[in-house]
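For reference, the structure discussed in these notes is given below.
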Ligand SMILES: Cc1cc2nc3c(=O)[nH]c(=O)nc-3n(C[C@H](O)[C@H](O)[C@H](O)COP(=O)(O)O)c2cc1C
């Protein structure tokens with residue numbers, strides 16, 4: 001492993017300049033909005049919003065759930081979520097696994113298009129072979145993970161481990177790019193740590209190797225999920241390349257998404273942890289977008305407790321229907337979701353305790369039904385706050 005400091009002073013100066021400009025310009029101009037579309041090669045993403053890959057979360061059920069929750073009130077309305085992605089998948093695993101078993105990793109339904117498959121690994125040949133399999137499976141795009149900070153991934157030079165070896169990344173970019181026709185994108189963090197910030201160089205490298213887009217989670221590997229995402233580095237990347245730049249990190253509301261676009265000029269926004277607690281986020285962005293520039297305050301719908309109830313039922317039903325071994329343990333997923341989804345609901349803590357002890361799908365369902373029935377008996381409809389802190393959300397060591 002080459003360990004080298006790549007941070008170039010010009011990139012840092014550019015980021016500092018954007019940082020200063022962004023600080024001075026807050027809040028976002030009211031005309032700022034997420035773009036209606038962006039193109040990654042031949043693939044059109046409309047609107048320019050992306051559900052971030054999340055290990056253990058973004059399986060086919062969750063992806064379809066979010067995509068459908070993002071439709072407008074009329075079914076003719078397009079989904080507010082422009083692109084969904086699989087969680088990161090081992091290129092080695094895909095390459096070495098029998099075709100029948102691959103289904104577990106690469107399963108998706110027709111209504112998920114456009115969809116991207118994210119790979120991690122460090123061997124250029126194996127990544128290229130895995131990308132070919134992804135293409136044959138019918139994915140619209142393939143993405144490389146250069147952000148995963150998990151020790152077991154980094155130890156094998158995958159994920160963010162590669163951020164310390166740009167020459168090797170170049171070989172991967174070239175080999176994978178030559179292997180497939182579908183758009184090839186990369187998602188990375190700013191660098192290993194503050195002494196080795198490489199995101200600008202990396203974006204340039206991606207451009208020169210013919211990739212179609214870059215996504216930056218604006219934190220270093222060392223940072224994990226601590227502190228705030230440093231959007232000024234998204235601006236610095238955007239300033240350095242012509243290919244589309246996807247901004248990622250700490251978007252909780254439509255206002256945040258607009259602010260990120262205003263401050264960085266990014267071409268698309270990617271949303272991770274907010275989605276499990278507020279599956280309406282993409283629809284809210286679409287509603288906000290529709291009103292920006294109209295002279296009115298850009299408002300969007302806030303879910304009521306009843307909306308949340310229906311949403312949980314829908315997701316649980318989808319999980320149970322899909323519980324055929326592809327997505328794994330439905331009871332576990334229901335518990336996980338109930339935990340995220342009830343943050344912000346008064347009394348949610350009690351529900352979480354009961355759900356934690358449940359032993360079957362039915363017991364989770366019953367606990368949720370009881371909880372909402374009691375709420376209904378005690379209160380009228382009320383709007384529920386979106387969790388203000390992403391720290392309440394699932395933390396991962398995968399991106
Ligand atoms: C539970 C969880 C799992 C994640 N798994 C992945 C992954 O598989 N691949 C990846 O590139 N990033 C992964 N990430 C990182 C997210 O894609 C995203 O970059 C990060 O959460 C910052 O965005 P946010 O502030 O909108 O959550 C994961 C994050 C979480 C919380």
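Here, each number is a calculation from the coordinates, and none is a lab measurement. Computed from a prediction, not measured in an experiment: that's the story for all the values here. Reconstructed Cβ throughout: ideal geometry from the backbone, glycine too, with neighbour counts over all protein chains shown.
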Span per principal axis, largest first, for the Cα atoms of the stretch 305-378 (Å):
39, 23, 19
Please work out the Cα center distance from the stretch 186-245 to the stretch 40-91, rounded to the nearest Å.
22
What ratio of Cα Rg to 2.2 N^0.38 Å holds for the stretch 88-196?
1.04
Relative contact order (percent) for the stretch 305-378, with alpha-carbon contacts under 8 angstrom and 6 or more residues of separation?
31
Distance histogram in 10 Å bins (all Cα pairs of the stretch 9-291, percent per bin):
7, 31, 38, 20, 4, 0
Could you tell me the relative contact order of the stretch 9-291? Use alpha-carbon pairs under 8 Å, at least six residues apart, and round to a whole percent.
21
Between residue 320 and residue 151, take the C-beta separation as r, use R0 = 30 Å, and let me know the FRET efficiency to the nearest 0.05.
0.30
Inverse of mean 1/r across different Cα pairs in the stretch 177-277, Kirkwood, Å:
13.8
